[in-house]
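For reference, the structure is listed below as structure tokens.
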Protein chains: 2
Amino acid sequence: MTHECRARILLAAFGSFIIYTTFMDLLPRQIRCVIEELSKLPGIGPKSAERITFHLLRSRKASPESIGSALLALKENLSYCAHCQMITTGDLCAVCADRGRSTSTILVVEEPLDVIAFEKSGFKGTYHVLHGVLSPIDGMGPEQLKLRELIDRCRAGGVTEVIVATNLDVEGEATATFIRQELSSIVPRVTRLAHGLPRGADIEFADQVTLREAIAGRRDL
Amino acid sequence: MTHECRARILLAAFGSFIIYTTFMDLLPRQIRCVIEELSKLPGIGPKSAERITFHLLRSRKASPESIGSALLALKENLSYCAHCQMITTGDLCAVCADRGRSTSTILVVEEPLDVIAFEKSGFKGTYHVLHGVLSPIDGMGPEQLKLRELIDRCRAGGVTEVIVATNLDVEGEATATFIRQELSSIVPRVTRLAHGLPRGADIEFADQVTLREAIAGRRDL
């Protein structure tokens, strides 16, 4: 791409930005403000933000007031569970407060929603929520995660197995390796979720890495 | 589909709803409340709502407080322009307050955002915002639209042309026909936007109705 071509593209982009902001001034300030705030949310661009804002002005089902008050109250009294770091409003989360759960097995997950996914699967141990994964590019080191709390729980004794259930991407794998290194001398068994084909998979469409791992992890019939 | 099959599908759907709500109870009430409120917005399903909510709990760029206050202030002091029914905070909108605009031509649009689109195109007349289209299935009759105000403006005199710029779908066409019938005896000229191929169109991929209309509306070169 030549310099002239680049300069033209930049000028055109700047021009359309100026045109966009100039004509948006025709709308009242508070409407522009809501469009701007909604555009900051993940998966919502300026066009979706406009559509949602005008929907809110008209709709009888969704009102800006009820969403607004819900958002203002979002962080009120939120805290982390003293044991597993799940988001909760009390001292302990519902899982840790349940005396029927086995505390010898800890399932380590990235996010609070992962806990819900495993609860649906019928897991009966306890959890530990890291609130992120190791990702130097996003400024996420071991100190930004709830890793110290996990090591403290394991050091307190009574834990026979830690199952690492981070996502199967680069950051998740790096975090799993880091946790194994940190815990191998404290906990008898550190495991990782099985890799392989998901239930209902069509082998024809499975990717090569999954197939290789499914062969490597094969079991006797 | 047999009755038994239908009953099974219903039972499965009801079952997964019960499972969903039961396990979501593990999250604090205010988080569930935000997820539920966001799910009511157009284009946002339960999964997106969950993602946005947890993004808001962590993000430094988007805060639930700023979006919440923006939404609470959304409808404050909002009113309709006394002339064109555009959403505004004063008595008149910026277009109607501008004495340089021709008031003899009125461009009739469905929504406030349509005004912004026409302002970008350089239109120099005035507008009239209907705030909807005729759609009996959604309970939108002539009384729900700002049609009475349009007729009053035309009756007041000085209007030489009304350009109907509703969308080119069934409801938009029905509304255009209704407006023509209502105004034909009051205004010298009631027109509709040209139908045809949009700028940059590839004829190979144009739909048959557009091509038929482009032929019917052909002009001398």
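The values are calculated or read from the model by the stated rules, or taken from the named source; none is laboratory data. No experiment lies behind these values; they were computed from the predicted model shown. Heads up, the Cβs are rebuilt from the backbone with ideal geometry, glycines too, and the neighbour counts pull from every protein chain shown. Calculation scope for accessible area: heavy atoms of the full protein, side chains included, ligands and nucleic acids excluded. Shrake-Rupley method; radii C 1.70, N 1.55, O 1.52, S 1.80 Å.
Brief remarks follow.
- Remark: A:T126 matches the filter, which requires a residue to be open to solvent by less than 10 Å² (accessible area, probe 1.4 Å) and of a type in the set (S, T, N, Q).
- Residue tally, condition under 21 Å from B:G43 (Cα atoms) and either more than 7 Å from every other protein chain (Cβ to nearest Cβ) or in contact with a helix residue (DSSP H, G or I) (Cβ under 7 Å, 6 or more places away or on another chain) (or both), over the range A:19-56: 22
- The residues on offer are B:S102, B:S39, B:S135, and the sole one that is small (G, A, S), at pLDDT 90 or above and outside the structural domain of B:T166 (by TED's automatic domain parsing) is B:S39.
- Selected residue (criterion: nearest to A:A62 (Cα to Cα)) from residues of the range B:94-124 that are assigned to a loop (DSSP other than H, G, I, E, B) and either at the interface with chain A (Cβ under 7 Å from one of its Cβ atoms) or β-branched (V, I, T) (or both): B:E111
- Considered as a group, the residues in the range A:145-168 that are open to solvent by less than 30 Å² (accessible area, probe 1.4 Å) and free of Cβ contacts under 8 Å to residues at least 40 places away in the same chain include one that is nearest to the chain's Cα centre (by Cα), and that residue is A:L145.
- Any chance B:I186 is without any contact (Cβ under 8 Å) to a residue 60 or more places away in the chain, open to solvent by less than 70 Å² (accessible area, probe 1.4 Å) and at negative phi: yes
- Pick from the range A:138-152, criterion assigned to a helix (DSSP H, G or I) and under 18 Å from B:R60 (Cβ atoms), ranking: modelled with the lowest pLDDT: A:D138
- Selection within the range A:71-87: residues that are of a type in the set (A, V, I, L, M, F, W, C) and open to solvent by 40 Å² or more (accessible area, probe 1.4 Å). The member of this set that is nearest to the other protein chains (Cβ to nearest Cβ) is A:L72.
- Only one of the listed residues (A:R60, A:R51) is part of a loop (DSSP other than H, G, I, E, B), of a type in the set (K, R) and open to solvent by 20 Å² or more (accessible area, probe 1.4 Å). That residue is A:R60.
- Residue in the range A:93-119 that is farthest from A:E76 (Cα to Cα), counting only those that are surrounded by 14 or more Cβ atoms within 10 Å (Cβ to Cβ) and without any contact (Cβ under 8 Å) to a residue 24 or more places away in the chain: A:I116
- Members of the range A:189-204 found to be surrounded by fewer than 11 Cβ atoms within 10 Å (Cβ to Cβ) and in a loop (DSSP other than H, G, I, E, B), listed by number: A:A194, A:P198, A:R199, A:G200, A:D202
- Of the residues A:G68, A:G90, the single one that is farther than 22 Å from A:L145 by Cβ, open to solvent by less than 60 Å² (accessible area, probe 1.4 Å) and in the same structural domain as A:E161 (by TED's automatic domain parsing) is A:G90.
- The set of residues in the range B:205-219 being of a type in the set (A, V, I, L, M, F, W, C), touching a Leu at 6+ places or on another chain (Cβ under 7 Å) and either in a helix (DSSP H, G or I) or under 11 Å from B:H195 (Cβ atoms) (or both) consists of B:A214 alone.
- Among the residues of this structure, B:L27 does not count as one that is free of Cβ contacts under 8 Å to residues at least 12 places away in the same chain, crowded, with 20+ Cβ neighbours inside 10 Å and part of a helix (DSSP H, G or I).
- Within the option set A:G157, A:G90, being at pLDDT below 90, in contact with a strand residue (DSSP E or B) (Cβ under 9 Å, 6 or more places away or on another chain), more than 22 Å from B:R51 (Cβ to Cβ) and part of a loop (DSSP other than H, G, I, E, B) holds for one residue only, A:G90.
- Here B:F205 passes the criteria (1) in contact with a strand residue (DSSP E or B) (Cβ under 8 Å, 6 or more places away or on another chain); (2) among the aromatic types (F, W, Y); (3) more than 26 Å from B:C84 (Cα to Cα) except the one numbered (1).
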